[in-house]
Every structure is written in C-alpha cells, then in structure tokens.
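The values are calculated or read from the model by the stated rules, or taken from the named source; none is laboratory data. Because the structure is a prediction, the values reported are computed rather than measured. In this analysis, Cβ positions are derived from the backbone assuming ideal geometry, glycine residues included, and neighbour counts consider all displayed protein chains. Heavy atoms of the whole protein, side chains included, go into the accessibility calculation; ligands, DNA and RNA do not. Shrake-Rupley method; radii C 1.70, N 1.55, O 1.52, S 1.80 Å.
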Amino acid sequence: MVCCYLPAQYTIKDNDAVLSKKEKEALEQVIKYQLDFYNKVQPEQPINPSDVSLNIFSDYGTYLIYQKENIKTTLHRSMGFYSGKNKEAVVCKDKHDKGFMSTCYHELSHFFVNTYFGSVPVWLNEGLAV
C-alpha cells in the first residue's frame, strides 16, 4: 500500500500510484482552501489537516466492492462517493475518465460538509459540491 503524505499531512491513499505530481499539488491546494474556509465558518469545531482523507482506486471492480462494503450498495457509473463509515472521500481514477479531478473536488466537498455539519439536506450538500 502506498500512501502519500502531503506536506500539510493530508492523507491521500493512492495505492496504485496513479496520481501525477500536478494532480497531487492541485488536490493539496483544494484541501487547504476548503480547510481554511470551513475552519473560518466553524472556528469552534476546526478540522485538523490530518483528519482529511481521500482514497483513490484505479481498478473499477475493486472500487465497486469497496463502495458496496461502505455504503451498502453499488452506484454503477459513479466514480466517487463519500464514506461516512470511514470518514473519507473515495474516487476511482479510470484511465479514460476525464472528470477525475472534478470528482475528487466534489467528493472532498462532501467530506467537509459531512464532517462539519453532519446531516444536511441533499439539495444543499450536492449544491455545495457542484
């Protein structure tokens, strides 16, 4: 298992080392931005950088199995989800998926909203993620 610990100690599990250096840097920047934003919104409940977790799969079949284990269903054609069970954003990086980074940003948004606010209406959670 390969784990990348970025300078600010965000955990990005990239078991198959599919992330480019540019992608890692972009993800770190988005995580930092969201941490800064939400820690200003909820200063009494700050999230530590080490609490942020993004799990990346390169094999779609393995991703679907993990998805079923964590959310009790499989969302076919879905390339990402938020796992409340593991408190992590989960994304599949298929070699043909041009929307990979957008999916990462979307699922990280769900991570932050769910971590800070718990249950919120679906329209708000999805709206913020978009």
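Restricting attention to the range 79-101, which residues are surrounded by 14 or more Cβ atoms within 10 Å (Cβ to Cβ) and more than 24 Å from P46 (Cα to Cα)?
The answer is M79, G80, V91, C92, K93, D94, D97, F100, M101.
Going through Y105, Y66 one at a time, which residue ends up being closer than 24 Å to D16 by Cα, modelled with pLDDT of 90 or more and either surrounded by fewer than 16 Cβ atoms within 10 Å (Cβ to Cβ) or more than 13 Å from the chain's Cα centre (by Cα) (or both)?
Step by step, each of Y105, Y66 is checked, and only Y66 is closer than 24 Å to D16 by Cα, modelled with pLDDT of 90 or more and either surrounded by fewer than 16 Cβ atoms within 10 Å (Cβ to Cβ) or more than 13 Å from the chain's Cα centre (by Cα) (or both).
For the range 6-18, does any single residue satisfy the condition of being of a type in the set (D, E), open to solvent by 40 Å² or more (accessible area, probe 1.4 Å) and either on the phi > 0 side of the Ramachandran plot or assigned to a helix (DSSP H, G or I) (or both)?
Scanning the range 6-18 turns up no residue that is of a type in the set (D, E), open to solvent by 40 Å² or more (accessible area, probe 1.4 Å) and either on the phi > 0 side of the Ramachandran plot or assigned to a helix (DSSP H, G or I) (or both).
For the range 34-63, how many residues are out of contact with any Asp or Glu (no Cβ under 6 Å at 6 or more places or on another chain), open to solvent by less than 80 Å² (accessible area, probe 1.4 Å) and of a type in the set (S, T, N, Q)?
5
On the given criteria, is K98 closer than 18 Å to K13 by Cβ, modelled with pLDDT under 90 and of a type in the set (K, R)?
Against the criterion (closer than 18 Å to K13 by Cβ, modelled with pLDDT under 90 and of a type in the set (K, R)), K98 does not qualify.
Every residue in the range 21-79 that is part of a helix (DSSP H, G or I), in contact (Cβ under 8 Å) with a residue 12 or more places away in the chain and of a type in the set (G, A, S), please.
Once the filter is applied, which keeps residues that are part of a helix (DSSP H, G or I), in contact (Cβ under 8 Å) with a residue 12 or more places away in the chain and of a type in the set (G, A, S), the range 21-79 yields A26, S50.
Hey, among the residues in the range 69-78 that are open to solvent by 70 Å² or more (accessible area, probe 1.4 Å) and farther than 18 Å from V122 by Cα, which one's modelled with the highest pLDDT?
So, considering only residues that are open to solvent by 70 Å² or more (accessible area, probe 1.4 Å) and farther than 18 Å from V122 by Cα, the one modelled with the highest pLDDT is E69.
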